[in-house]
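Novice: Sharing a structure with you now.
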Amino acid sequence: MERTFVMIKPDGVQRRLVGKIIERFEQAGLKIVAMKFMAVPMELAERHYEVHKGKPFYEGLIKYITSGPVVAMVMEGENAIERVRTLVGTTDPQKAAPGTIRGDFCQHIGRNAIHASDGKETAEKEIALWFGDDEIVDYNMDDEKWVYE
């Protein structure tokens, strides 16, 4: 099983989309193994988005992600990274396919409701940044025998 990091951003929380977004992942058979509702401290925001430091949109991104609460999660499942990225849709909601989270709920690239790790290394780094080992729960779902062969 693979794990990935997912964050419902401040606009997703403020627009009351948390339940609808989580439902999409659960309906797809993905399992939440860690989750927290939190205000993002400046230091964490800067570390999370350090790859964008120096880019014109960096300061606005940091201001935005610290502007309200987020829901940080670790999802688990077969090919979780790719599957989550598919469910989320492209970064620009105007180009995201209908049926994706961004395609259904968002209008603007700067308010695209959700972040999802884009690869294995990024997922590992982001999970370690946002969660301690003691915050991730290993458990079995009763329906796993119906979800996986």
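The values are calculated or read from the model by the stated rules, or taken from the named source; none is laboratory data. The model shown is predicted, which means the values in this text are computed figures rather than measured ones. Quick reminder, even Gly has a Cβ in these numbers, built from the backbone with ideal geometry, and neighbours come from all protein chains shown.
Novice: Can you name the residue in the stretch 1-47 that is part of a helix (DSSP H, G or I) and of a type in the set (S, T, N, Q) and is also nearest to SER117 (Cα to Cα) among such residues?
Specialist: The extreme case among them is GLN27.
Novice: When LEU17 is evaluated against the numbered criteria (1) among the aliphatic types (A, V, I, L, M); (2) modelled with pLDDT of 95 or more; (3) within 20 Å of TYR148 (Cβ to Cβ), which criterion, by number, is the only one it fails?
Specialist: (3)
Novice: Another question about this same structure. Taking into account only those residues within the stretch 57-96 that are of a type in the set (Gly, Ala, Ser) and under 16 Å from GLN27 (Cβ atoms), which is surrounded by the fewest Cβ atoms within 10 Å (Cβ to Cβ)?
Specialist: Checking each candidate, the answer is GLY77.
Novice: For the stretch 66-82, what are the residues that are under 12 Å from the mean Cα position of the chain (by Cα) and not in a strand (DSSP E or B)?
Specialist: Once the filter is applied, which keeps residues that are under 12 Å from the mean Cα position of the chain (by Cα) and not in a strand (DSSP E or B), the stretch 66-82 yields ALA80, ILE81.
Novice: Within the set of pairs 6+ apart or on separate chains, which have a first residue in the stretch 126-146 that is closer than 14 Å to MET73 by Cβ, a second that is surrounded by 10 or more Cβ atoms within 10 Å (Cβ to Cβ) and among the small types (Gly, Ala, Ser), and C-beta atoms under 6 Å apart?
Specialist: GLU126/SER117; TRP130/ALA72; PHE131/ALA34; GLU135/ALA34; ILE136/ALA34
Novice: Another one. For GLY132, which of the numbered conditions (1) closer than 24 Å to LYS20 by Cβ; (2) out of contact with any Leu (no Cβ under 8 Å at 6 or more places or on another chain) fails to hold?
Specialist: So GLY132 meets the others, but not (1).
Novice: Out of all the residues in the stretch 132-147, is one or more of a type in the set (A, V, I, L, M, F, W, C), modelled with pLDDT of 95 or more and assigned to a helix (DSSP H, G or I)?
Specialist: no
Novice: Let me ask another. Do any residues in the stretch 18-39 that are surrounded by 13 or more Cβ atoms within 10 Å (Cβ to Cβ) have Cβ atoms under 6 Å from those of residues that are part of a loop (DSSP other than H, G, I, E, B), where the two are at least six apart or on different chains, and which pairs are they?
Specialist: Short answer, once both residue conditions are applied: LYS31/MET141; VAL33/ILE136; VAL33/VAL137; ALA34/PHE131; ALA34/ILE136.
Novice: Continuing with the same structure: Among the residues of the stretch 90-127, count how many are farther than 20 Å from GLN14 by Cα and either in contact with a His (Cβ under 6 Å, 6 or more places away or on another chain) or not in a helix (DSSP H, G or I) (or both).
Specialist: 8
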